[in-house]
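Please read the structure below before turning to the comments.
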Amino acid sequence: MKAAPHGVLTGVHFINGDAACCEGAIAAGARFAAGYPITPSTEIVERYAARAPQVGGTFIQMEDELAASITLQGAVWAGARAFTVTSGPGFSLMMEHICYAAMTETPCVFVDVQRAGPSTGLPTLPAQGDMMQAKWGSHGDYPIIALCPNSPQECFDLTIQAFNLAEKYRNPVMFMMDECVGHMTEKVVIPEADEIDITPRRRSPDAQLFQPGEDLVPPMQHAGEGHGIHVTGLTHNERGYPDLTIASQDKLVRRLHDKIALAAEEIADWDEEDIEGADVAVISYGITSRVAQRAIVMAREKGLRVGRMRLITVWPFPERRVREIAQKVRTIVVPELNLGQIALEVERLAAGNARVISVTHAGGGVHRPEQILQAIEEGAR
Amino acid sequence: MAAVANPVEQFLRSERIPHIWCPGCGIGTTVNAFARAVIDSGLDPLKVVVVSGIGCSGRVAGYVSFDSFHTTHGRAIPFATGLKLANPELTVVVYSGDGDLSAIGGNHLIHSARRNLDIKVICVNNLVYAMTGGQSAPTTPETANTSTSPYGSFEPDLNLPKLLDAAGASYVARWTTYHVKQMERAMLELLRKKGFGFLEVVSQCPTLYQRRNGMGDGLESVKFYKEHSKVKNDACLDDLAMDKIGEIICGRFVDRDRPEYGQTMREFYQNKLGAKYRAPEFQDGVLV
Amino acid sequence: MAKGAVHITVDRCKGCAICVEFCPTHVLALSTAFNGKGYHPPHVVNAEKCSGCDLCGMYCPDFAIYGFKLGKQGVAQ
Ligand code: SF4
Ligand code: SF4
Ligand code: SF4
């Protein structure tokens, strides 16, 4: 399916990441957003509030993030593609409903423009401290998909991808921006509507609401369509009815996991360069990948053999490729605007095959390229 | 075999009955009134959606055959807000308990009444947190004994009708599980009223409230409501606070016409944006 | 002849006696027998007094009883 032309602002724009994310959502068919103001994400919903009545969309500003994070799910069950947008402290409040979306298999997108925490932290300077929260923040075991853009152009492109993945797997998708990417203004090319692929909602008039297909993903029905659907956050059977047994819990939770695990290779996305023959690989994401690029150029000028991998999907983690890289290089350098969250994941997958150097930053700014360079030099030794 | 069916039956997920509610619990009684009101209203039941939060009353969603959503604790109203805004054709009913709606969900209750979005809230008020074992709620009358006020409650309780009036609800009424006929009529009024409506049904929780307070079983509770309630449609809202053994004032307290949120929003944008406005449109059940 | 009758789904009943108490014409009484769940369901003791008003049905928290009107031939209306 292609994007609806009335939602696509085709042309070349000079806009920031927040605006590009909003345009990506509209192009992806988002016709509902619920929000609550918090910097540095607010520009996304400010723009959506202005654009929504022009594209057949609805925006509502709720009384808090607890509300916003479930209002959008109500809209999804009425037939909308929907998203909400927040930053750090608001993301914490939204944790209440990320697992509800996972449990009820409600396709929707949560955008987190990360700022420095913990707590109110440094409003509203950049960080990447919510990466693990995106995966584990809600209670219970549930699968998550998270994407991480590093430019305004990607804020547009990957927001569309986030909606598509949400629909394809009937799962909440976290869109993990950071303050720098959100507020950075660059050229953004928005293609023609017929060049934008949209994954339609998986629908079936006969299947039960939680009766999985071959890929373990069930199709959806909406309220008001005459199916008498029932949706609950309780452990449920394929009809959607509470089924409070250990066996049912095991079956449901494992299927939720397996539907994403099964597709992990397909979902995993990254770009990489010069891994073959490298002594050191730099694995990074978001704004940090752009600082790392400078460090890599500097290292190469010094004659070091450095490759790089930039994560586009963070969850599910591109495990196979990171394992392979760990067998090819001597050292993996992981710079990030936190005290080593993704570095832990890399370390787990390297499993001793490569040394992992975590280049930390508590947030509020970005690394100096020299910090990363130093780690590359150390890793090459 | 009877030639007619119980009117409630067509709206039950019969395979899930018997329900989990205790003997003499009032929640099922409210469902009887609701079913009859839906019939009286002439609404298409396939367009009626029931949204509940968490708690004993929150289980209503699981027993009625309407499209139904059992959401999270306190958040039935925001979920309903998304449903109603995305598809204004739906009649969206929030069916939940006092703790769910007025404590953890209190903020949403206030702001939804303020917006006056067309949502119909049925608040089954059993004066206590029942599902979790009978703890104090904001609605627990002073002096009542609960599992977290073992020496009696000393907190003032929340006067729900007064709160809803101040916040701007279009319709506010209160009845008890004794008043089955009035409850049915109030639910009908609620279903017909455009805007945010709120019906409080004072309902017994014999297992955890009445018994602990020496007020007997379900039957005794309904008799108590019969004896202690007073119908005052024009009551001064200040007088509606409930104490443990005093009068329960019932009636329709607010019935006014205010601009409904969804319609106002759409008309507002249409006027502001003129030709640039684009109305929401469904294609194959999905908004495009 | 009675103007109404009731239908009782014995196994749904939880024996709360609310229907018995609030039947305006005292048609019902709790039976001494037990149902499948161990409760005493109501039974009809004054059939001719039943008006079919369905108050019992409106009260019953367990959807276990309801009343309906009978026509001249004693058939449900
Ligand atoms: S605990 Fe109270 S409110 Fe809950 S089902 Fe039992 S009687 Fe009803
Ligand atoms: S239908 Fe009315 S009169 Fe007959 S048993 Fe029920 S409450 Fe009594
Ligand atoms: S009201 Fe219902 S549950 Fe209670 S005794 Fe009568 S039939 Fe049984």
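The values are calculated or read from the model by the stated rules, or taken from the named source; none is laboratory data. Treat the numbers as computed from the prediction; the structure is a model and nothing was measured. Counting neighbours? That spans all protein chains shown, and the Cβs are built from the backbone with ideal geometry, glycine included. Surface areas here come from the heavy atoms of the whole protein model, side chains and all, with no ligands, DNA or RNA. Shrake-Rupley method; radii C 1.70, N 1.55, O 1.52, S 1.80 Å.
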Residues that are more than 11 Å from the chain's Cα centre (by Cα) and either more than 16 Å from ligand 2 (Cβ to nearest atom) or open to solvent by less than 40 Å² (accessible area, probe 1.4 Å) (or both), drawn from the range C:14-37: C:Lys14, C:Gly15, C:Cys16, C:Ser31, C:Thr32, C:Ala33, C:Phe34, C:Asn35, C:Gly36, C:Lys37
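Condition check ((1) within 23 Å of B:Val286 (Cα to Cα); (2) open to solvent by 10 Å² or more (accessible area, probe 1.4 Å); (3) assigned to a loop (DSSP other than H, G, I, E, B)) across all residues:
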position	(1), (2), (3)
A:Phe175	yes, no, no
A:Thr199	yes, yes, yes
A:Ala207	yes, yes, yes
A:Leu216	yes, yes, yes
A:Gly240	yes, no, yes
A:Val253	no, yes, no
Evaluation of C:Tyr39 against (1) more than 8 Å from chain B (Cβ to nearest Cβ); (2) farther than 20 Å from B:Pro7 by Cβ; (3) within 16 Å of ligand 1 (Cβ to nearest atom) (one fails), failing number: (1)
Top-ranked residue of the range C:42-61 - restricted to ones that are assigned to a loop (DSSP other than H, G, I, E, B) and more than 16 Å from ligand 1 (Cβ to nearest atom), ranked as most open to solvent (accessible area, probe 1.4 Å): C:Val45
Hits in the range C:15-35 (condition: more than 11 Å from every other protein chain (Cβ to nearest Cβ) and either within 16 Å of ligand 1 (Cβ to nearest atom) or not in a loop (DSSP other than H, G, I, E, B) (or both)): C:Leu28, C:Ala29
Selection status of B:Ile110, at the interface with chain A (Cβ under 10 Å from one of its Cβ atoms), open to solvent by 10 Å² or more (accessible area, probe 1.4 Å), of a type in the set (A, V, I, L, M) and in a loop (DSSP other than H, G, I, E, B): no
Output for the range C:62-77, where each listed residue is more than 10 Å from chain B (Cβ to nearest Cβ) and either closer than 22 Å to B:Glu227 by Cα or open to solvent by 50 Å² or more (accessible area, probe 1.4 Å) (or both): C:Lys72, C:Gln73
Set B:Leu199, B:Leu208, B:Leu190, B:Leu127: member being closer than 26 Å to B:Ala61 by Cα, among the aliphatic types (A, V, I, L, M) and open to solvent by 30 Å² or more (accessible area, probe 1.4 Å): B:Leu208
Search result, residues across the range A:218-238 that are open to solvent by 10 Å² or more (accessible area, probe 1.4 Å) and more than 9 Å from every other protein chain (Cβ to nearest Cβ): A:Pro219, A:Thr235, A:Asn237, A:Glu238
Check on B:Gly251, in contact (Cβ under 8 Å) with a residue 40 or more places away in the chain and at positive phi: yes
Residue ID - farthest from ligand 1 (Cβ to nearest atom), chosen from residues in the range C:3-13 that are open to solvent by 20 Å² or more (accessible area, probe 1.4 Å) and not polar (S, T, N, Q): C:Lys3
Any chance B:Gly216 is open to solvent by less than 40 Å² (accessible area, probe 1.4 Å), over 16 Å from the mean Cα position of the chain (by Cα) and either within 26 Å of B:Pro78 (Cβ to Cβ) or within 16 Å of ligand 1 (Cβ to nearest atom) (or both): yes
Subset of the range A:268-290 (residues that are crowded, with 20+ Cβ neighbours inside 10 Å and part of a helix (DSSP H, G or I)): A:Ile287, A:Thr288, A:Ser289
